[in-house]
Amino acid sequence: MSTHSYGTGPCRPVLVCAPLGDRSADAVIEALGRREVPVARIDPGVDFPLGSTLSACFDPGRGMTGVLETTSRRVLLDAVRAVYHRQATDYGPAFTHLSDQDALFAVAQARHGLGGVLAALPCLHVNHPHAATAASYKPVGLAAALRVGLSVPPTLITSDPEAARAFAKRHGPIVYKVLRTVRYRDPDDRPLTVWTTAVDPDDIDDAVAGTAHLFQARVDAVADLRVTFVGGRMFVARIDSGLLDWRSDYDRHRYDVVDLPEPVAAAVTRYMRDQRLCYGALDLAVTSSGEHLFYECNPLGRYGWIEAATGMPISAAIADLLRNGSPP
């Protein structure tokens, strides 16, 4: 396979860190191609070191220079226009031939070596991995939302059964939400998840003490909103489903493209700046009185389904952001 070299000028590439099969990354790469922007793609956890090589030098007066080379691309590190980070595979597959201890060592070196170099690239990151990691913690997001003026349902994160019971008594009816989705599988290897679940106060027992739990006042919502934020632009879809958790049945959805009220849109912009994010998939609820309540922001949230359902040009907006190399 021939190798394409990318350097300065119009050949400055966008580096896409994403696994094969990531449809969001595929759509953005296609949009970049229509804009004649070169792309180099790597899934760091899979492609390094067997399918790629890295050399990065740090010199006084020159900063960081070097080369990242994949099976088909050769990229000068100081020429990267922007980096598009998706949910790349965790480091490890390349080191399964090693003993457990040696693999742990090699994975740590790869993550902090290649991962550190990618994070250090002095260009636009959508999103920077450190900012995305911080923003993926729901308590961080909730605190930031309150800080910038977004309305948030009363929420409790606790490992104290008595605190949970008191919260349910004060704010009921309440729901339970996971703090972090994990890869659960049943005995037949089918994926499982936990949707937002109504909680009967009588069911709160001492098992709450086993770990952290998130309880939240149930919102009397008439609709949900998915706000896809791209470099200052907002693509807003109203989702009418009649479900407690709209993610549990996509066949029940009805979509409408809407606008956020100006004060809410301004608060969303403040939130994204506060979290140092160029991209985010935000979930909000709309009540019968017209109040907008913030649930969460996923800095790596998928958007392909909402783009397909509404026709909103989200992939094109991301490609434009990456092509320009700096947020507006």
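Is it fair to say His213 is more than 26 Å from the chain's Cα centre (by Cα) and either free of Cβ contacts under 8 Å to residues at least 60 places away in the same chain or within 30 Å of Pro263 (Cα to Cα) (or both)? Write out each step before concluding.
Numbers: more than 26 Å from the chain's Cα centre (by Cα): no; either free of Cβ contacts under 8 Å to residues at least 60 places away in the same chain or within 30 Å of Pro263 (Cα to Cα) (or both): yes.
No: the conditions fail for His213.
Restricting attention to the stretch 91-107, and to residues there that are touching a residue at least 40 places away in the same chain (Cβ under 8 Å) and not in a helix (DSSP H, G or I), which single residue is farthest from the chain's Cα centre (by Cα)? Give the steps one after another, and end with the answer.
Here is the first cut: in the stretch 91-107, the residues touching a residue at least 40 places away in the same chain (Cβ under 8 Å) are 91-94.
Restricting the remaining residues to those that are not in a helix (DSSP H, G or I) gives 91-92.
Details: Tyr91: 18, Gly92: 21 Å.
Checked the stretch 91-107; the qualifying residue farthest from the chain's Cα centre (by Cα) is Gly92.
Quick check: anything in the stretch 245-252 part of a loop (DSSP other than H, G, I, E, B) and not acidic (Asp, Glu)? It would help to see each step written out before you state the result.
Residues of the stretch 245-252 that are part of a loop (DSSP other than H, G, I, E, B), as a first pass: 245, 249.
If we keep only those that are not acidic (Asp, Glu) as well, we get none.
The answer is no; no qualifying residue exists.
Does Asp202 qualify as being surrounded by fewer than 16 Cβ atoms within 10 Å (Cβ to Cβ) and part of a loop (DSSP other than H, G, I, E, B)? Steps first, answer last, please.
Values: surrounded by fewer than 16 Cβ atoms within 10 Å (Cβ to Cβ): yes; part of a loop (DSSP other than H, G, I, E, B): no.
Judged against the criteria, Asp202 is not a match.
Which of the residues spanning the stretch 136-153 are over 30 Å from Arg12 (Cβ atoms) and among the hydroxyl-bearing types (Ser, Thr, Tyr)? Please lay out each step first, then the result.
Narrowing the stretch 136-153 to residues over 30 Å from Arg12 (Cβ atoms): 137-153.
Across the stretch 136-153, the qualifying residues are Tyr137, Ser151.
Taking the condition of being surrounded by 14 or more Cβ atoms within 10 Å (Cβ to Cβ), touching a Ser or Thr at 6+ places or on another chain (Cβ under 6 Å) and closer than 20 Å to Arg302 by Cα, how many residues in the stretch 219-277 meet it?
5
Only one of (1) surrounded by 15 or more Cβ atoms within 10 Å (Cβ to Cβ); (2) in contact (Cβ under 8 Å) with a residue 40 or more places away in the chain; (3) within 26 Å of Gly33 (Cβ to Cβ) is not met by Leu293, so which one is it?
Unmet for Leu293, out of (1) surrounded by 15 or more Cβ atoms within 10 Å (Cβ to Cβ); (2) in contact (Cβ under 8 Å) with a residue 40 or more places away in the chain; (3) within 26 Å of Gly33 (Cβ to Cβ): (3).
Test Thr53 against the criterion of being surrounded by 18 or more Cβ atoms within 10 Å (Cβ to Cβ), touching a strand residue (DSSP E or B) at 6+ places or on another chain (Cβ under 8 Å), at pLDDT 90 or above and among the polar types (S, T, N, Q), and give yes or no.
Values: surrounded by 18 or more Cβ atoms within 10 Å (Cβ to Cβ): no; touching a strand residue (DSSP E or B) at 6+ places or on another chain (Cβ under 8 Å): yes; at pLDDT 90 or above: yes; among the polar types (S, T, N, Q): yes.
Against the criterion (surrounded by 18 or more Cβ atoms within 10 Å (Cβ to Cβ), touching a strand residue (DSSP E or B) at 6+ places or on another chain (Cβ under 8 Å), at pLDDT 90 or above and among the polar types (S, T, N, Q)), Thr53 does not qualify.
Any idea which residue in the stretch 314-327 is surrounded by the most Cβ atoms within 10 Å (Cβ to Cβ), counting only those that are over 19 Å from Thr269 (Cα atoms) and small (Gly, Ala, Ser)?
This residue is Ala319.
Checking the condition crowded, with 21+ Cβ neighbours inside 10 Å and modelled with pLDDT of 95 or more, which residue from Gly311, Gly280 passes?
Numbers: Gly311 fails: crowded, with 21+ Cβ neighbours inside 10 Å.
Being crowded, with 21+ Cβ neighbours inside 10 Å and modelled with pLDDT of 95 or more holds for just one of Gly311, Gly280, which is Gly280.
Out of everything in the stretch 108-135 that is of a type in the set (S, T, N, Q) and over 23 Å from Pro13 (Cα atoms), what residue ends up being nearest to the chain's Cα centre (by Cα)? Quick ask: steps written out before the conclusion?
Narrowing the stretch 108-135 to residues of a type in the set (S, T, N, Q): 109, 127, 133.
Now restrict to residues that are over 23 Å from Pro13 (Cα atoms): 109, 133.
Working: Gln109: 24, Thr133: 8 Å.
The qualifying residue nearest to the chain's Cα centre (by Cα) is Thr133.
Residue-wise test of (1) in the same structural domain as Asp43 (by TED's automatic domain parsing); (2) touching a residue at least 40 places away in the same chain (Cβ under 8 Å); (3) of a type in the set (S, T, N, Q); (4) under 26 Å from Leu214 (Cβ atoms).
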{"residue": "Gly115", "(1), (2), (3), (4)": "yes, yes, no, no"}
{"residue": "Leu118", "(1), (2), (3), (4)": "yes, yes, no, no"}
{"residue": "His130", "(1), (2), (3), (4)": "no, no, no, yes"}
{"residue": "Gly141", "(1), (2), (3), (4)": "no, yes, no, yes"}
{"residue": "Ala144", "(1), (2), (3), (4)": "no, yes, no, yes"}
{"residue": "Arg147", "(1), (2), (3), (4)": "no, yes, no, yes"}
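Please pick out the residue among Val230, Val258 that is over 21 Å from the mean Cα position of the chain (by Cα), farther than 30 Å from Glu162 by Cα and touching a residue at least 24 places away in the same chain (Cβ under 8 Å).
Just a single option satisfies the conditions, and that option is Val258.
Among the residues of the stretch 269-292, which ones are more than 17 Å from Pro139 (Cα to Cα) and not charged (D, E, K, R)?
Thr269, Cys278, Tyr279, Ala285, Val286, Thr287, Ser288, Ser289, Gly290, His292, listed by residue number.
The rows are residues; the columns are (1) without any contact (Cβ under 8 Å) to a residue 24 or more places away in the chain; (2) out of contact with any strand residue (DSSP E or B) (no Cβ under 8 Å at 6 or more places or on another chain); (3) part of a loop (DSSP other than H, G, I, E, B).
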| residue | (1), (2), (3) |
| --- | --- |
| Ala27 | no, yes, no |
| Gly33 | yes, no, no |
| Arg41 | no, no, no |
| Val46 | no, yes, no |
| Pro49 | no, yes, yes |
| Cys57 | yes, no, no |
| Glu69 | no, no, no |
| Val75 | no, no, no |
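Go through (1) at pLDDT 90 or above; (2) closer than 20 Å to Glu296 by Cα for Arg180 and report which single condition fails.
Exception for Arg180: condition (1).
Determine if the stretch 234-247 includes at least one residue that is out of contact with any Lys or Arg (no Cβ under 6 Å at 6 or more places or on another chain) and either of a type in the set (Ser, Thr, Tyr) or assigned by TED's automatic domain parsing to the domain that holds Asp160 (or both).
There is no residue in the stretch 234-247 that is out of contact with any Lys or Arg (no Cβ under 6 Å at 6 or more places or on another chain) and either of a type in the set (Ser, Thr, Tyr) or assigned by TED's automatic domain parsing to the domain that holds Asp160 (or both).
The values are calculated or read from the model by the stated rules, or taken from the named source; none is laboratory data. As the structure is a computational prediction, the values presented were derived from the model and not from experiment. Cβ: placed from backbone, ideal geometry, glycine included. Neighbour counts: every protein chain shown.
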